[in-house]
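Contents: one structure, followed by commentary.
Computed from the coordinates by the stated procedures, all read-outs in this text should not be read as laboratory data. Bear in mind the structure is a predicted one, so any value in this text is a computation, not a measurement. Glycine gets a Cβ as well: all are built from the backbone with ideal geometry, and neighbour counts include every protein chain shown.
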Amino acid sequence: MMRLYNTLTHAEDTFAPAVDNTVRMYTCGLTVYARGHIGNFRTFVCVDVLRRTLKHLLGYRMLHVMNFTDVDDRTIAGAQKAGMDLRAYTDQYIATFLEDARALGLEEVEEMPRATDEVNLRAMADLVGALDKSGHTYRSDGSVYFKISSLPDYGRLARLDHEGMKPGARVDSDNYAKEDARDFVLWKAAKDGEPAWDIVDPPGRPGWHLECSAMALRLLGGPPIDIHAGGIDLIFPHHENEIAQSEAATGKPFSRFWVHVEYLLVDDRKMSKSLGNTYTIPDVVARGYRPSAVRYLLLSAHYRKQLNFTWASLTQAEESLTRLTDFLARVDAVTRQGSHPEIAERVDEGRKAFAEAMQDDLNTAAALGAIFELVRALNSAIDAGEIGAGDVPAVRDAFDRFDRVLGVLSLRRAEDEQPPVPVEEVERLIEERHAVRRRRDFATADQIRNDLAARGVLLEDSAAGTRWKRK
RNA sequence: GGCGCCGUCGCCAAGUGGUAAGGCAGAGGUCUGCAAAACCUCCACCCCCGGUUCAAAUCCGGGCGGCGCCUCCA
């Protein structure tokens, strides 16, 4: 049974899908005006872990939508500056997103719609039509607005106290005329040189909030959907407004659960493009770190706590992951015959602890703790010769299951399979070193080992032979 | 000004009433040609001050410090 924190109720609620065994989930994806940074990806990695937990640990079917926002002020400005067509401009960043998503081991979701797809624009127009009909809209200066005063329930998610709002706080950053500062734009008036679609009266382009509601409702079926997820900064206004327009249009609750991922900080400040303190996956790789370590780091803290990114903690993540993959290599090397029932018992304990932690509002830190405790117990058994080939399948199966949820071990191992020195050369040098070691020419043997280490390949000798690994 | 979150070992990080998981780094040891890996041992009065309780990292009150939201944001 999964307990999941729900922003709507401010409590951990027990989660199960409302209909059948299928979880219908929507994640607010990236606005594709620039390459996503690792702060953006913290949200996507955490949502990926939620998805994997629901799918692989709890056995639900997933119908998961994550969108690309490919039309807004920033994408339009970026395309104009680059002298490119909006579609071509945003294509670039969709491509880099997919590249980074693959590097971070994000599972493919069922649907990745983009706002400017014809079918989605049509869904948005329909939504505006429904809101027109039910009297929740007005038009001003060629834009269509949502009238907050028509929805008494407005503000339930963010629980903002409008009486106490700071006089100087930003209000109404849009340059459009509104009746009430809290009203938001559904459909923005066409402007010269900007893309516009003649699909709503008057022609224009979608407001940010509209697209998510329309695509969620179109692709996930009748509301309420099960889970709506995104970064914590989207609670207000984005998600509040999605709720308003969706519920006003359908008369039904929009989403049963709202899941929000806390910020990634850097130097104790929010990582954001506007502060200029962002790192992308290529930035991290250029510094000699691997995407798997980024994923591990993002997983090592609870998703509802701020996580301060430092290069030191990324180094620690690399080391922790190495401990895990070294262990897996040791398990693979077990050749002793037979089996020991207490191994299976210990593995079961670990699996249970892992499952309980994940179901406790995705307590990934505790789940990793359970894994490391199991690793120590099993390493100990390997040293003592108290594990046999008969035990290995159960161990492998357990770690496969852990990793279907965390998605980090197989990612690491896949990276390991692309060493900086060709495998044939490594193997040839190991043979060469083996020969000189037999002659007790340790100076040459150490030379070979040092040379390889300098090129990023580490050798480890043991009774069973020499194994190599990527640094 | 209003609202919210957070403060646990040198670093990262679980733990929300029963006496502090785990990882990284460090010290000593076992093993090893050496190294690495692995194992064993060691390493925390939980920001401060009050209170409640048989019992508090955990609950309550008050400080101090940090982060965020209040219509660009993942």
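Among the GluC sites (Glu not before Pro) in segment A:60-145, those located in a DSSP loop and surrounded by at most 13 other Cβ atoms within 10 Å of their own Cβ are A:GLU108.
Taking Cα centre as origin and charging only the Cβ of basic (Lys, Arg, +1) and acidic (Asp, Glu, -1) residues, the dipole magnitude of segment A:423-470 rounds to 140 debye. Under the criterion of Cα pairs below 8 Å and six or more residues apart, the relative contact order for segment A:423-470 equals 25 percent. With everything on Cα atoms, drop me the angle between helix A:38-52 and the longest principal axis of chain A, reported from 0 to 90° to the nearest 10. Once rounded, the angle reads 80 degrees.
What is the sum of charges around A:ALA293, taking Lys and Arg as +1, Asp and Glu as -1, for the other residues whose C-beta is under 10 Å from the C-beta of A:ALA293? Could the numbers behind the result be given before it?
Working: positive: A:ARG290, A:ARG295, A:ARG412; negative: A:GLU318, A:GLU319, A:GLU415.
Net charge around A:ALA293: 0.
Computed from Cα atoms, the angle from the helix A:73-82 axis to the main principal axis of chain A rounds to 70 degrees.
What's the local net charge at A:PRO224, with K and R +1, D and E -1, over the other residues with C-beta under 10 Å away?
Values: positive: A:ARG24, A:LYS252, A:ARG256; negative: A:ASP226, A:GLU247.
The answer is +1.
Just want to confirm a number: the relative contact order over segment A:1-98, from Cα pairs under 8 angstrom separated by 6+ residues, in percent. Once normalised by length, the contact order is 29 percent. Taking the longest Cα principal axis of chain A as reference, the axis of helix A:392-406 is set at about 30 degrees. Could you tally the net charge around A:GLU460, taking each other residue with its Cβ under 11 Å from the Cβ of A:GLU460, Lys/Arg +1 and Asp/Glu -1? Surrounding charge for A:GLU460 is +2.
A cut-off of 5 Å between modelled amide H atoms, ignoring neighbours fewer than 5 places along the same chain, links A:ALA229 with A:TYR26, A:THR27, A:CYS28, A:VAL259.
Between the C-alpha center of segment A:13-54 and that of segment A:191-228 there is a gap of 20 Å.
Can you tell me the relative contact order of chain A? Whole percent, Cα pairs under 8 Å, sequence separation 6 or more. Numbers along the way, then the final one.
Working: 701 pairs, mean separation 76.7, N = 471.
Over chain A, the number comes to 16 percent.
If you take the Cα centroid of segment A:369-387 and the Cα centroid of segment A:264-292, the two points sit 35 Å apart.
Take the Cα radius of gyration of chain A and divide it by 2.2 N^0.38 Å, with N its residue count; two decimals is plenty.
In units of the globular-protein estimate, chain A measures up at 1.15.
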